[in-house]
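Worksheet: the structure to be examined is printed underneath.
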Amino acid sequence: VEVNLVPMRGVEEEWLGLVIVLHDITAIRRLEKVRSEFVANVSHELKTPVAAVKGFAETLLAGAMNDPEIAKSFLQIIYDESERLNRLIGDILELSKVESKRVPLLFSPVHLNSFVRKTLDMMQSSAVKKDISLDMQVDPELYMEADEDRLRQIMINLLSNGINYTPEGGKVKVQVEEVAAAGDGGEDKIRITISDTGIGIPKKDLPRIFERFYRVDKARSRSSGGTGLGLSIVKHLVELHKGSIRVESDIGLGSKFILELPVIHS
Ligand code: ADP
């Protein structure tokens, strides 16, 4: 609590009393804490690839350049780490945009069957590399109102996670259905379920995976090119659509991300 004391005096400067103002600054402090933790996380995440680029460039300059084999492998590392930096900066900017709600959504009717088909086509090449099959089950009658580009961004994030965290030969599936409103006055919803037959997420980590930079296994996320920001961006985009997202998972069996979005935005 922040306390301000303001003395009250009359026209003749006589003492009238004291006004005590109490400000509850818990929310402000909490925000400050969240912000400074975020800055610390961002700095840490950026430092790792920068240190790698610097270190390998230094070693090249100090003489490693003379061995073409070594030089090539070091340059590849420098290239990969710069790519990681690029992705990180892109995701950090994107997160800051969606968090501050600076993304005007452009709603239009989306035909879900063709939308999902096109999105899966975009993911096909990375799925094929791991011999993962992509399936869909979407009623051809279904439409919803959404910002199609943002909805695609949500799907791509969840599908790439599905592919990244599923071993070779597995399955990733998209299922879309309409769910009737519960009770009177509610609105009908579209439920999109993205499931995989992957490594799963331990129960204790489930409540935290939508947090910024939270990863179950840092090394695994890094090696698949993850930034740890995908799911927090997804969550914000879903909330901008006035929807919700939840996850169910069994270790070793797979994960299921369930989105529920209003059919119509009035
Ligand atoms: P990342 O860039 O690390 O994939 P995300 O924000 O997309 O970051 O996901 C956060 C973490 O949640 C991941 O690091 C991973 O541990 C876990 N995760 C996300 N999706 C899945 C999935 N489909 N199967 C298993 N683990 C997942």
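In this structure, does residue 131 turn out to be within 16 Å of the ligand (Cβ to nearest atom), acidic (Asp, Glu) and in contact (Cβ under 8 Å) with a residue 24 or more places away in the chain? Against the criterion (within 16 Å of the ligand (Cβ to nearest atom), acidic (Asp, Glu) and in contact (Cβ under 8 Å) with a residue 24 or more places away in the chain), residue 131 does not qualify. A residue that is more than 17 Å from the chain's Cα centre (by Cα), farther than 21 Å from residue 209 by Cβ and outside any strand (DSSP E or B) cannot be found anywhere in region 149-165. Just give me the residues in region 232-245 being out of contact with any Leu (no Cβ under 7 Å at 6 or more places or on another chain), free of Cβ contacts under 8 Å to residues at least 40 places away in the same chain and within 12 Å of the ligand (Cβ to nearest atom), in sequence order. Correct list: 235 only. Restricting attention to region 213-231, the residues that are of a type in the set (S, T, N, Q) and more than 6 Å from the ligand (Cβ to nearest atom) add up to 2. Of the residues 22, 46, the single one that is exposed (fewer than 10 other Cβ atoms within 10 Å of the Cβ) and either part of a strand (DSSP E or B) or in contact (Cβ under 8 Å) with a residue 24 or more places away in the chain (or both) is 22. The set of residues in region 106-148 that are among the acidic types (Asp, Glu) and not in a helix (DSSP H, G or I) comprises 131, 135, 139, 141, 145, 147. Every condition in (1) within 8 Å of the ligand (Cβ to nearest atom); (2) farther than 19 Å from residue 107 by Cβ; (3) surrounded by 17 or more Cβ atoms within 10 Å (Cβ to Cβ) holds for residue 174 except the one numbered (1).
Residues in region 194-212 that are more than 8 Å from the ligand (Cβ to nearest atom) and either without any contact (Cβ under 8 Å) to a residue 60 or more places away in the chain or surrounded by fewer than 17 Cβ atoms within 10 Å (Cβ to Cβ) (or both): 197, 202, 203, 204, 206, 207, 208, 211.
Taken together, the values in this text are just the output of simple stated rules run on the coordinates, not laboratory data. Just so you know, these numbers come straight off a predicted model, no measurement behind them. Glycine gets a Cβ as well: all are built from the backbone with ideal geometry, and neighbour counts include every protein chain shown.
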